[in-house]
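First the structure, which I've put down as structure tokens, then a few questions once you've had a look.
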Amino acid sequence: MTLIKSISGIRGTIGGNPGDNLTPIDIVECVSGYGFWLRDQHERITVVVGRDARISGEIVANLAINTLISIGINVIDLGLSTTPTVEMAVTRHSAQGGIIFTASHNPKQWNALKFLNEKGEFISAEAGQTILKSIENKAWQFADIDAIGTVYKDDEAISEHIQSIIALDYVLTDEIKKQKFHIVVDCINSTGALALPALLKSLGCSYTLINEQMNGEFAHNPEPLPQHLDQLCKKVVDEKADLGIAVDPDVDRLAFVDEKGVFIGEEYTLVLVADYLLPHLKGGAVSNLSSSRALRDIAKKHDCSYHAAAVGEVNVVTTMKENNATIGGEGNGGIILPDLHYGRDAVVGVALALSKLVESGKTLSQLKAIYPEYTIIKNKISLTPEIDVDVIINTLKTLFSQEELNTSDGLKIDFAEGWVHLRKSNTEPIIRVYAESSTSEKAHELAQKIMDHVQHIIQK
């Protein structure tokens with residue numbers, strides 16, 4: 001089955017059978033559930049929509065837009081856009097919600113519906129559950145001909161997004177312009193080809209684009225990981241560029257390649273930005289439980305607090321709000337800057353990283369060298385129906401009660417030399433086991449220790 005309906009949105013592969021894949025019927029039903037959820041809360045409704053450059057994007061968008069106006073909802077269509085741009089446009093237009101048509105880093109056969117609330121943030125778990133029930137019950141009555149909604153186009157959303165970034169006091173626009181950076185950008189055949197050139201022009205940077213055709217025919221696996229970015233690394237060296245930038249198709253994840261053509265690790269995107277921002281905006285930093293310890297170290301260096309959230313952007317945002325954090329995100333290259341909006345944003349991440357480079361006077365490789373060196377490894381344990389995950393976690397809590405424990409999302413055990421995080425997957429019958437330490441060998445050793453305990457518990 002490749003259709004997943006969850007509280008965080010609807011995603012699946014295009015084509016196939018209704019209920020098993022993301023078909024036109026499923027799109028109409030899921031958008032209807034969201035639209036009628038909005039109608040239960042508001043008398044007049046406007047929804048902002050935008051899409052990445054996936055092959056199926058126009059089909060999905062048209063089905064969704066026509067469903068919304070059939071409910072009596074007005075639509076502001078951004079067309080080709082980015083996830084953070086849509087999020088910001090919701091509040092700019094004082095809309096009641098938004099939908100982003102993107103499957104993020106998934107391959108080209110996937111697409112998804114990501115639902116936003118009136119703040120331009122992903123809907124809560126409670127709201128998601130209500131929408132799922134509405135989809136199941138289908139107790140809907142659509143608008144008659146005199147009450148159908150209207151569609152407006154907004155072609156300025158990306159420009160407005162970039163101007164809001166440039167307007168931030170701590171984005172060092174003039175200094176960046178003087179530096180005259182040359183940057184290679186891997187647009188992964190999607191809307192990074194719209195947003196990033198516009199930003200770099202505003203910052204006086206020259207650039208070379210690769211995979212810039214917005215056709216959704218991804219030139220490589222679209223997740224910005226080192227094994228997928230050989231072309232970018234080589235191009236940075238060939239061009240004698242100052243750095244390389246990689247984003248995912250909807251431009252909410254960001255990774256860097258240094259001037260030597262070396263991938264610096266998506267975990268360090270947030271570390272780099274936090275190291276720049278925290279001295280300017282004293283406050284807390286937040287990442288999820290499976291993100292690198294390096295962010296905690298950077299926060300401590302600047303006498304700032306650090307807080308860990310459950311995995312998932314919505315949980316990171318909640319923890320940021322609870323602790324009035326000034327910067328947050330996830331170790332997959334997601335940057336959340338509350339001064340701009342509460343959503344992951346690769347575009348602002350680029351502006352802040354370039355500001356750090358000019359302020360420090362260092363190259364990207366020199367900056368990376370001063371940060372704590374950690375390695376994260378990722379394992380999994382298969383689950384069968386008779387395995388009780390709660391028993392596993394409770395037993396481990398007792399076994400490692402002398403260590404620092406966090407049970408907000410599975411179990412995270414903080415040792416002096418690193419950490420291990422176990423959590424049940426939301427999408428697969430597995431327990432994810434992530435571990436981090438100063439070396440790969442130490443991380444594997446920590447993970448293996450916990451996995452051996454888990455196997456022993458299962459066999460008892």
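When the C-alpha atoms of the chain are aligned to their principal axes, what extent does each axis show, in angstrom, from largest down?
The Cα atoms of the chain stretch 66, 65, 39 Å along the principal axes, largest first.
Which value in nm describes the separation of the simple spin-label points at Glu441 and Ile55, placed 7 Å from the Cα toward the beta carbon?
Label at Glu441, label at Ile55, 4.6 nm between them.
Given the convex hull of the Cα atoms of region 161-370, what is a quarter of its surface area in nm²?
Working: hull surface 40.6 nm².
Averaged projected area of region 161-370's Cα convex hull equals 10.1 nm².
DSSP beta bridges in the chain, what fraction antiparallel, as a percent rounded to 5? Kindly include the intermediate steps, with their values, before the conclusion.
Numbers: 45 of 77 bridges.
Here the share of antiparallel DSSP bridges comes out near 60 percent.
How about Lys240: which aspartates and glutamates have a C-alpha closer than 13 Å to its C-alpha, ignoring those fewer than 8 places off in the same chain?
Asp258, Glu259
Could you sort the peptides 115-123, 35-43 by per-residue average Cβ neighbour count (10 Å cutoff), highest mean leading?
Values: 115-123: 21.4, 35-43: 16.3.
Descending packing order for the listed peptides: 115-123, 35-43.
With θ set to phi - 60°, apply the Karplus curve 6.51 cos²θ - 1.76 cosθ + 1.60 along region 273-278 and write out the HN-Hα couplings as whole Hz, x wherever there is a Gly or Pro.
For region 273-278, the Karplus curve yields 5, 5, 4, 7, 7, 4 Hz.
What share of the DSSP beta bridges in region 3-155 is antiparallel, in percent to the nearest 5? Each step should come with its number before you reach the end.
Working: 13 of 28 bridges.
Of the beta bridges lying entirely in region 3-155, close to 45 percent run antiparallel.
For region 220-232, in order, what is each residue's ³J(HN,Hα) by Karplus, 6.51 cos²θ - 1.76 cosθ + 1.60 with θ = phi - 60°, in whole Hz (x at glycine and Pro)?
7, 3, x, 6, x, 10, x, 5, 9, 10, 4, 4, 5
Show me 57-69, 187-199, 242-254 ranked by packing, highest mean number of other Cβ atoms within 10 Å first.
Details: 57-69: 20.0, 187-199: 24.8, 242-254: 29.1.
Put in order of decreasing packing, that is 242-254, 187-199, 57-69.
Sticking with this structure for a sec: Give the long-range amide H neighbours of Ser190: residues separated by 5 or more places, or on another chain, with amide H under 5 Å away, using H modelled in the peptide plane at 1.01 Å from N.
Result for Ser190 returns nothing.
Within region 161-370, what percent of beta bridges assigned by DSSP are antiparallel, to the nearest 5?
Numbers: 9 of 26 bridges.
Antiparallel bridges make up about 35 percent of those DSSP assigns within region 161-370.
Any chance you could check the Cα centroid distance between region 375-444 and region 103-147 for me, in angstrom?
Result: 32 Å between the Cα centres.
Please list the non-local residues whose amide H lies under 5 Å from the amide H of Ile245, H modeled 1.01 Å from N, same-chain partners needing a gap of 5 or more.
Hits under the 5 Å cutoff: Val184, Val185, Asp186, Val257.
What's the extension gain from Arg44 to Ser305 if we count 0.36 nm per residue and subtract their Cα-Cα distance?
89.8 nm
Arrange the following residues from fewest to most other Cβ atoms within 10 Å of their Cβ: Arg92, Arg344, Arg44. Could you put the intermediate results ahead of the total?
On the way: Arg92 19, Arg344 31, Arg44 10.
So the residues, fewest neighbours to most, are Arg44, Arg92, Arg344.
Something else about it: Could you run the Karplus curve 6.51 cos²θ - 1.76 cosθ + 1.60 with θ = phi - 60° over region 396-411 and give me ³J(HN,Hα) per residue in whole Hz, x for Gly and Pro?
Per-residue couplings from phi come out as 5, 4, 5, 4, 10, 5, 7, 9, 6, 10, 10, 10, 6, 8, x, 9 Hz.
Could you pull out every residue, at least 5 positions away or on a different chain, whose amide H is within less than 5 Å of the one on Ile45? Hs are placed 1.01 Å off N in the peptide plane, and Pro or chain starts have none.
Excluding prolines and chain starts, which carry no amide H, the hits are Asn74.
What is the order of Ser408, Ser56, fewest Cβ neighbours within 10 Å to most?
Ser408, Ser56
While we're looking at this one, here's another question. Restricting things to Cα coordinates, could you compute the convex hull volume per residue of region 16-77 in Å³?
On the way: hull volume 4.7 nm³, N = 62.
In region 16-77, the Cα hull volume divided by residue count equals 77 Å³.
Now for a separate question. Gap in Å between the Cα centre of region 239-317 and the Cα centre of region 318-372?
Measuring centre to centre over Cα atoms gives 5 Å.
If you take the beta carbon distance between Val28 and Gln163 as r and set R0 to 45 Å, what does 1/(1 + (r/R0)^6) give as a FRET efficiency, to the nearest 0.05? Mind dumping the intermediate values first?
Details: r = 36 Å, r/R0 = 0.80.
With a Förster radius of 45 Å, E is 0.80.
Expressed as cubic angstrom per residue, what is the convex hull volume of the alpha carbon set of region 92-186? Don't skip to the answer; put the middle values down first.
Details: hull volume 18.5 nm³, N = 95.
Per-residue hull volume (Cα only) is 195 Å³.
Helix-only mean residue ellipticity at 222 nm, the chain, DSSP H runs n ≥ 4 weighted -39,500 (n - 2.57), per residue, nearest 500. What is it? Before the final figure, lay out each step's value.
Details: 15 runs with 178 residues, N = 460.
Per the formula, -12000 deg cm²/dmol.
List, in the order given, every pair from Lys133/Lys380; Lys138/Lys424; Lys282/Lys442; Lys178/Lys356; Lys180/Lys300 whose Cα-Cα distance in the structure shown is over 25 Å.
Beyond 25 Å: Lys133/Lys380; Lys138/Lys424; Lys282/Lys442; Lys180/Lys300.
Plugging the Kirkwood radius over Cα pairs into Stokes-Einstein for region 3-155, at a temperature of 4 °C and a viscosity of 1.567 mPa s, what D comes out in µm²/s?
Working: Rh = 15.0 Å.
Answer from the Stokes-Einstein relation: 86 µm²/s.
None of the figures in this text is laboratory data; all of them are computed from the coordinates on show. These numbers were taken from a predicted model, which means no experiment stands behind them. We place every Cβ from the backbone using ideal geometry, glycine too, and count neighbours over all the protein chains shown.
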